[in-house]
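The values are calculated or read from the model by the stated rules, or taken from the named source; none is laboratory data. Not measured: the values here are computed from a predicted model. Backbone-built Cβ (ideal geometry, glycine too); neighbour counts: all protein chains shown.
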Amino acid sequence: MRNWLVLLAVAVPGVALAWEEPQRGKKMRSAMMDALRPHAEWMLGAPVEFVVHSLRQSGDVGFASVHAQRPGGRAIDIARTPGAARGQLDAEYMDGSSLQALYRKSGQTWVAVHWAIGATDVWYADPALCPEYKAVIPEVCGG
């Protein structure tokens, strides 16, 4: 993967990759997923596991785009989740159990500061968030 990123940066003028992808089995990757898990379990019910689509880290900020599922790959029925029971989730208006998160590292701990489940828009492209998170989401922050 790292060779591909270097090739992309060389092949596409103006593309500067300021972020890295924490690799499977590494402490940072686990810490970032563990920071998101309580939010996912509060809304979707436990247990959840994540299929990672994108995980990025640069300095003390990070970004994740994941899909939550039950262990073994079983789909989550949004209508039967704690979030739906509380009136906070409605499957009709959601993109399933997809999650995105913006992280900040506090000391040695990763915190999912901003997050959304089932978002149907690119909420993290908010101009108020871009100054802090541009390094990990340059494609939506004019990077």
Item to complete: Assess whether I137 counts as being outside any helix (DSSP H, G or I), in contact with a Phe, Trp or Tyr (Cβ under 7 Å, 6 or more places away or on another chain), surrounded by 18 or more Cβ atoms within 10 Å (Cβ to Cβ) and of a type outside the set (S, T, N, Q).
Response: yes
Discussion item. On the basis of being modelled with pLDDT of 95 or more, in contact with a His (Cβ under 8 Å, 6 or more places away or on another chain) and surrounded by 11 or more Cβ atoms within 10 Å (Cβ to Cβ), does V51 make the cut?
Written reply: yes
Practice prompt. Considering each residue of the stretch 101-119, count those that are surrounded by fewer than 22 Cβ atoms within 10 Å (Cβ to Cβ) and assigned to a strand (DSSP E or B), and give that number.
Written response: 9
Worksheet item: How many of the residues in the stretch 53-76 are out of contact with any Asp or Glu (no Cβ under 9 Å at 6 or more places or on another chain) and either free of Cβ contacts under 8 Å to residues at least 12 places away in the same chain or not in a loop (DSSP other than H, G, I, E, B) (or both)?
Response: 8
Worksheet item: Take the residues of the stretch 57-93 that are surrounded by fewer than 18 Cβ atoms within 10 Å (Cβ to Cβ) and in contact with a helix residue (DSSP H, G or I) (Cβ under 6 Å, 6 or more places away or on another chain): which is farthest from A18 (Cα to Cα)?
Response: A79
